[in-house]
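What follows is a set of notes on a single structure, which appears directly below.
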Amino acid sequence: MEKMQTKKLTLTALLLGMNVIMSSSILSVPVPGGHMYLNDVIIVMAALILDPVSALIVGGIGAFLGDLLFYPTPMFVSLVTHGLQAALISLFVRRVLKSKPLPSAILASVLGLIVTVTGYTFGRAFIYGTPEYAVLKFPFQVLQTAVGSAIALALYFGTPIRKIAKRELQDAV
């Protein structure tokens, strides 16, 4: 049991660090009005592999630290939004359609997309004091979250990651 806890803690820390790195402008894709970040790949992957609390830590704290280091204005929006995204996806795949993991993961990712896009739209409108900026960024937020989710799902179901996670972490989906 202690060995499994150590593995889970280590994996949580590794994914959190990867989330911070993927939140940097260095690894982003320029789009009109800003950048498209690829940290959603890590957030969704963590949510599929880890329990909801660990996923919340990876998603929320990882995105918060990434913003703190590279672009601090939306760091609290990222903390709440990506934390909820990860926790919701993790909870959903563990409770709904457990016998059909791929459809469950796809539905969970769509719910995560809705949470993320909604959180960032309202967060940007509040932080920048203008709903127009939030509306301008809306399609790129949808694109970022959808692309990140699609890549994470492809990696999770198309590579040995899922089997390794199940073998190494008993609570993995």
query = Name the pairs whose Cβ atoms lie under 8 Å apart, with the first residue in segment 151-165 and farther than 18 Å from TYR37 by Cβ, the second not in a helix (DSSP H, G or I), and 6 or more positions between them or separate chains?
reply = ARG162/ALA172; ARG162/VAL173; ALA165/ALA172; ALA165/VAL173
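The rows are residues; the columns are (1) charged (D, E, K, R); (2) outside any helix (DSSP H, G or I); (3) surrounded by fewer than 23 Cβ atoms within 10 Å (Cβ to Cβ); (4) in contact with a Ser or Thr (Cβ under 6 Å, 6 or more places away or on another chain).
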residue: LYS3; (1), (2), (3), (4): yes, no, yes, no
residue: LYS7; (1), (2), (3), (4): yes, no, yes, no
residue: MET18; (1), (2), (3), (4): no, no, yes, no
residue: ALA46; (1), (2), (3), (4): no, no, no, no
residue: PHE64; (1), (2), (3), (4): no, no, no, yes
residue: LEU79; (1), (2), (3), (4): no, no, yes, no
residue: LEU84; (1), (2), (3), (4): no, no, yes, no
residue: SER90; (1), (2), (3), (4): no, no, no, no
residue: ARG94; (1), (2), (3), (4): yes, no, yes, no
ask   = For the subset of segment 121-138 comprising residues that are at pLDDT 90 or above and not hydrophobic (A, V, I, L, M, F, W, C), which member is surrounded by the fewest Cβ atoms within 10 Å (Cβ to Cβ)?
value = GLY123
ask   = What do you reckon, is THR118 hydroxyl-bearing (Ser, Thr, Tyr), surrounded by fewer than 23 Cβ atoms within 10 Å (Cβ to Cβ) and under 16 Å from the mean Cα position of the chain (by Cα)?
value = yes
task = Residues being assigned to a helix (DSSP H, G or I) and without any contact (Cβ under 8 Å) to a residue 40 or more places away in the chain: count how many of those fall in segment 20-41.
result = 2
ask   = Which ones in segment 20-35 are in contact with a Gly (Cβ under 9 Å, 6 or more places away or on another chain) and surrounded by fewer than 24 Cβ atoms within 10 Å (Cβ to Cβ)?
value = VAL20, ILE21, MET22, SER24, SER28
ask   = Of all the residues that make up segment 80-97, how many are farther than 15 Å from THR118 by Cβ, free of Cβ contacts under 8 Å to residues at least 40 places away in the same chain and out of contact with any Pro (no Cβ under 7 Å at 6 or more places or on another chain)?
value = 3
inquiry  = Looking only at segment 103-115, count every residue that is surrounded by fewer than 20 Cβ atoms within 10 Å (Cβ to Cβ), in contact with a Leu (Cβ under 8 Å, 6 or more places away or on another chain) and among the hydrophobic types (A, V, I, L, M, F, W, C) and tell me the total.
reply    = 3
inquiry  = I'd like to check which helices (runs of 4 or more DSSP H) are fully inside segment 96-173 and have at least 3 residues that are closer than 26 Å to THR6 by Cα.
reply    = 131-158, 161-168
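The values are calculated or read from the model by the stated rules, or taken from the named source; none is laboratory data. Predicted model only: the values in this text are computed from it and were never measured. Virtual Cβ from ideal backbone geometry, glycine too; neighbours counted across all protein chains shown.
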